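Below is one structure, written out as structure tokens; the observations come after it.
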Amino acid sequence: MVASNLYTILVVDDNPNNLFTARALIKEYIDARVVLADTSTKALHELIKQPVDLIILDVHMEKGMDGFELAQIIKSRKKTEHIPIVFLTAACINEEFKKKGFEIGAVDYLTKPIDDFLLINRINVYLKLIEKERTMNIILQEQAEELKRAKDVAEAANEAKDMFLANISHELRTPLNILLGATQITKYHLENDKVLDREEIKMKSKTQIQNCYRLIRLVNNLIDITKIDSSNFALNLSNCNIVEVVEAIVTSVVEYAALKNIKIIFDTDVEEVILACDLDSIERIILNLLSNAIKFTPKDGNIFVNISTINDSIQIRVKDSGIGISEDEQNMIFERFKQVDNLLTRSNEGSGIGLNLVKSLIEMHGGTIQVNSEYLNGSEFIVEMPISKMSNDQITENGPNNIFSNVISKIDIEFSDIYF
Ligand code: ADP
């Protein structure tokens, strides 16, 4: 038996006895709703009132439309054209008559007097077909929704890429224009035998170097996200005291922050936490968070860097008293190519890939990053990483990078879009 309480069968016959028998039979063997109509007009009303899954339709009816006429109307209406119709007819009908019914859209003929077994058997067959069709429709609908979701994601990614290209072009063009301008001035002075004074040369070379750093930072970030995307970015892990590493980075930035009269206060609950990490990546992470904190904190502000441990993790918090980030914007700052300010209105430079790279590097260490912030009320970035060490045989032959080597030029690169 088809378990189909969900199905409705409409039986149309002008003979009340046939209706009664059909209902009793269907009710006994099939779990479906049965709706009866003794005229075509009543049948049409029932079809308007509710969805019907199968129609058992008498052809010869004394009053009003006959079964063929009713079937024609049913097949001509969008809402009912799909409903299978099984005609009930007298046994002695010719092929021509049957053909007419099939042309109208009937799926089957049953002859009167009704054979119980045949009727139930046919209804079961059609309900099973309807059930299959419904399942197929659900699957098709799910696939269509899935396709729509994939299309939306692809469109959003495409839009983000367009934004990114616009941002990157702007980011590349600005320092390049500055460098070109400086070179043209030098050329002009050389060609016209003019001499620049020492201070002017110093100022100009400072700007040129800063803009070279901006280009290097941008290209480095681009290379790294491309490597991460193609799984070609390998961490050079070594066991090191992360507290000492973070403190060294913070200390080397203090004098830069002082140029904006911003104080950086470092505090830690623990002196030593040894964990396996890639020093270059840790440096990039902390420098990026600090450079953003300095960039988005007005003069005379404060930045706090705190380290603590929770269970088997270390927490590094970088908190500033800067302009903050609104709740809406907090959701997008870790997404690639997304920048809170748009290209035309923003007041700070940046490609919008820094925090995305930071997030990827932290995740490669098994960690997480989140932000707590309120617009105009400062921001706090919380990095959490598991304290896991490497055994001696896991340590790579390259050996750890030296945290104290090149840190100044790395700061120059990371801070190159802040104007002190
Ligand atoms: P970029 O690579 O351009 O420096 P990031 O990915 O580092 O960009 O940062 C994305 C955006 O997040 C910034 O443009 C800024 O709007 C916002 N942001 C990040 N850090 C802070 C902060 N400490 N205070 C306020 N806004 C911030």
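The values are calculated or read from the model by the stated rules, or taken from the named source; none is laboratory data. Keep in mind the model is a prediction, meaning the values are calculated, not measured. A quick note on method: Cβ atoms are made from the backbone with ideal geometry, for glycine too, and the neighbour counts reach across all protein chains shown.
Here are the criteria: (1) at pLDDT 90 or above; (2) surrounded by fewer than 20 Cβ atoms within 10 Å (Cβ to Cβ); (3) among the charged types (D, E, K, R). Tell me which single one GLU95 does not satisfy.
(1)
Can you tell which of SER231, SER291 is surrounded by 18 or more Cβ atoms within 10 Å (Cβ to Cβ), within 28 Å of ARG336 (Cα to Cα), within 32 Å of the chain's Cα centre (by Cα) and among the small types (Gly, Ala, Ser)? Spell out the reasoning first.
Working: SER231 fails: surrounded by 18 or more Cβ atoms within 10 Å (Cβ to Cβ).
Just a single option satisfies the conditions, and that option is SER291.
Only residues that are within 16 Å of the ligand (Cβ to nearest atom) and surrounded by fewer than 22 Cβ atoms within 10 Å (Cβ to Cβ): list them for segment 379-393, please. It would help to see each step written out before you state the result.
Restricting attention to segment 379-393, the residues satisfying the condition of being within 16 Å of the ligand (Cβ to nearest atom) are 379-383.
Listed by number, the residues that qualify are GLU380, ILE382.
I'd like to verify a number: residues in segment 26-48 that are under 43 Å from the mean Cα position of the chain (by Cα) and assigned to a loop (DSSP other than H, G, I, E, B), how many?
0
Scan (1) touching a Lys or Arg at 6+ places or on another chain (Cβ under 7 Å); (2) farther than 18 Å from ILE56 by Cβ for the single condition ARG173 breaks and write down its number.
(1)
Output the strands (runs of 3 or more DSSP E) that fall wholly within segment 310-420 and possess 3 or more residues being closer than 28 Å to ALA160 by Cα and at pLDDT 75 or above, or say none.
Working: elements: 313-320, 368-373, 379-386.
Qualifying strands (runs of 3 or more DSSP E): 368-373, 379-386.
Would you mind finding the one in SER291, SER252 that is in the same structural domain as GLY354 (by TED's automatic domain parsing), part of a helix (DSSP H, G or I), within 16 Å of the ligand (Cβ to nearest atom) and among the small types (Gly, Ala, Ser)?
Details: SER252 fails: within 16 Å of the ligand (Cβ to nearest atom).
Testing whether each residue is in the same structural domain as GLY354 (by TED's automatic domain parsing), part of a helix (DSSP H, G or I), within 16 Å of the ligand (Cβ to nearest atom) and among the small types (Gly, Ala, Ser) leaves just SER291.
Pick out the one residue from ILE242, ILE216 that is under 21 Å from ASP412 (Cβ atoms) and among the β-branched types (Val, Ile, Thr). Before you say what the answer is, go through the steps one by one.
Working: ILE242 fails: under 21 Å from ASP412 (Cβ atoms).
Exactly one of ILE242, ILE216 is under 21 Å from ASP412 (Cβ atoms) and among the β-branched types (Val, Ile, Thr), namely ILE216.
VAL243 versus (1) free of Cβ contacts under 8 Å to residues at least 40 places away in the same chain; (2) under 37 Å from the mean Cα position of the chain (by Cα); (3) in a helix (DSSP H, G or I): which is the lone unmet condition?
Just one mismatch for VAL243, condition (1).
In segment 316-324, is there at least one residue being over 24 Å from PRO386 (Cα atoms) and of a type in the set (A, V, I, L, M, F, W, C)?
Within segment 316-324, the subset over 24 Å from PRO386 (Cα atoms) is 320-324.
Now restrict to residues that are of a type in the set (A, V, I, L, M, F, W, C): 323.
Looking for residues that are over 24 Å from PRO386 (Cα atoms) and of a type in the set (A, V, I, L, M, F, W, C), one finds at least one in segment 316-324, hence yes.
Can you find a residue in segment 295-309 that is surrounded by 15 or more Cβ atoms within 10 Å (Cβ to Cβ), more than 8 Å from the ligand (Cβ to nearest atom) and at pLDDT below 95?
no
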